[in-house]
1. With the structure loaded, tell me whether Lys254 is under 13 Å from Asp31 (Cα atoms) and either touching a residue at least 24 places away in the same chain (Cβ under 8 Å) or assigned by TED's automatic domain parsing to the domain that holds Ser38 (or both) or whether it fails that test.
2. Quick check: anything in the range 27-42 crowded, with 23+ Cβ neighbours inside 10 Å and over 21 Å from Arg221 (Cβ atoms)?
3. Buried (at least 20 other Cβ atoms within 10 Å of the Cβ), out of contact with any helix residue (DSSP H, G or I) (no Cβ under 7 Å at 6 or more places or on another chain) and modelled with pLDDT under 95: which single residue out of Ser179, Ser261 fits that description?
4. What tally of residues in the range 234-243 results from selecting those that are in a loop (DSSP other than H, G, I, E, B) and buried (at least 16 other Cβ atoms within 10 Å of the Cβ)?
5. Any chance you could count how many residues in the range 66-81 are surrounded by 15 or more Cβ atoms within 10 Å (Cβ to Cβ) and over 14 Å from Arg181 (Cβ atoms)?
6. Are any residues in the range 22-62 modelled with pLDDT under 95 and either hydrophobic (A, V, I, L, M, F, W, C) or not in a loop (DSSP other than H, G, I, E, B) (or both), and if so, which ones?
7. How many residues are over 18 Å from Thr5 (Cα atoms) and among the charged types (D, E, K, R) when one looks only at the range 239-253?
8. I'd like the full set of residues that are touching a residue at least 24 places away in the same chain (Cβ under 8 Å), farther than 21 Å from Ala259 by Cβ and outside any helix (DSSP H, G or I), limited to the range 63-105.
Amino acid sequence: MNYKTLRRWELAYTNFLKKIKSVEFGCVVLDYDRTLCSDRRRLDGPDTDIINEIERIIKLGYLIAIVTGRGQSVKNDLKKLIIDKNLHENIIIGYYNGSDIGFLSSDKFPNVERKNAVVLENIYKELKDSDINEFLSLSLRPDQLTVEIIDGQDWRFIKPALYNLVMDSKDTGFIILESSRSIDIVVRPKVSKLNVIAYCENELIKKGISNYCLCIGDKGRYPGNDFELLTYPFSLSVDEVSTDMNTCWNISPKSVNNADSCLIYLKSLKAGNMGLIFDYE
């Protein structure tokens, strides 16, 4: 990297820090797997330190939003770990990458009784009939088809074939996203993690506090499933960043990532007048 380019990035970093420290946030929007929840805790939910920070932020009067490729399992984990049911009314969940959104306190979400999108049903059938089906675990929801590799060691061999099969589809109106453990094929333009931002902004206006959100995720570069969420102007990554100089920076210590980075970011949030201040040193 030449000196001129280096100076551009240094200036962009400085400007980003000034920007993210200059506003107050009414809501923190978080990815789930490998952001809130470590691989080690995948089947149990976020660890105690993370849960304590979520509860602290809510008790200060602000909102938490979680947007995930998962469905009911996230709801079950959070209800088990956050015992005070009153706090559930201040936690928004965007299930299946933002296709179904509601409060943790609501029994209406996620709603898997809706009709499946035709484009996803077609892709599901193609994968079921394919030569690689024996290597795959498929879960079809109304607006999302999740594809997992049964044996992780087969991933690098199966993934190219999977992409070829899906992209060879004659259908349109979908996008392929990658999470830490799966590939999610979602309906477009209907499904986006940015849907959660719009939902949160509406709720923040009702509460009369800052309608800015702070977004935190781990996969900020496409095809990562946080690539859209972390285009929001006030976004932090705990792992992969995009090429956008203006947002999606990973500013955690060099030896720290994922849920540990998220914990550092959350602990840096202090109460302001109309929202949370990012007081990161």
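The values are calculated or read from the model by the stated rules, or taken from the named source; none is laboratory data. Keep in mind it's a predicted model, so treat the numbers as computed, not measured. As a convention, Cβ positions derive from the backbone with ideal geometry for all residues, glycine included, and neighbour counts pool all protein chains shown.
1. Values: under 13 Å from Asp31 (Cα atoms): no; either touching a residue at least 24 places away in the same chain (Cβ under 8 Å) or assigned by TED's automatic domain parsing to the domain that holds Ser38 (or both): yes.
Criteria not met by Lys254.
2. Looking through the range 27-42, at least one residue is crowded, with 23+ Cβ neighbours inside 10 Å and over 21 Å from Arg221 (Cβ atoms).
3. Numbers: Ser261 fails: modelled with pLDDT under 95.
So the residue among Ser179, Ser261 that is buried (at least 20 other Cβ atoms within 10 Å of the Cβ), out of contact with any helix residue (DSSP H, G or I) (no Cβ under 7 Å at 6 or more places or on another chain) and modelled with pLDDT under 95 is Ser179.
4. First pass over the range 234-243, keeping only residues in a loop (DSSP other than H, G, I, E, B): 234, 241-243.
Pick out the ones that are also buried (at least 16 other Cβ atoms within 10 Å of the Cβ) and you get 234, 241-242.
Final tally of qualifying residues: 3.
5. 8
6. Within the range 22-62, Asp39, Arg40, Arg41, Leu43 meet the criteria.
7. Within the range 239-253, the subset over 18 Å from Thr5 (Cα atoms) is 239-240, 248, 250-253.
Then drop every residue that is not among the charged types (D, E, K, R), which leaves 239-240.
Looking only at that region, the number is 2.
8. Hits for the range 63-105 are Asp84, Ser99, Asp100, Ile101.
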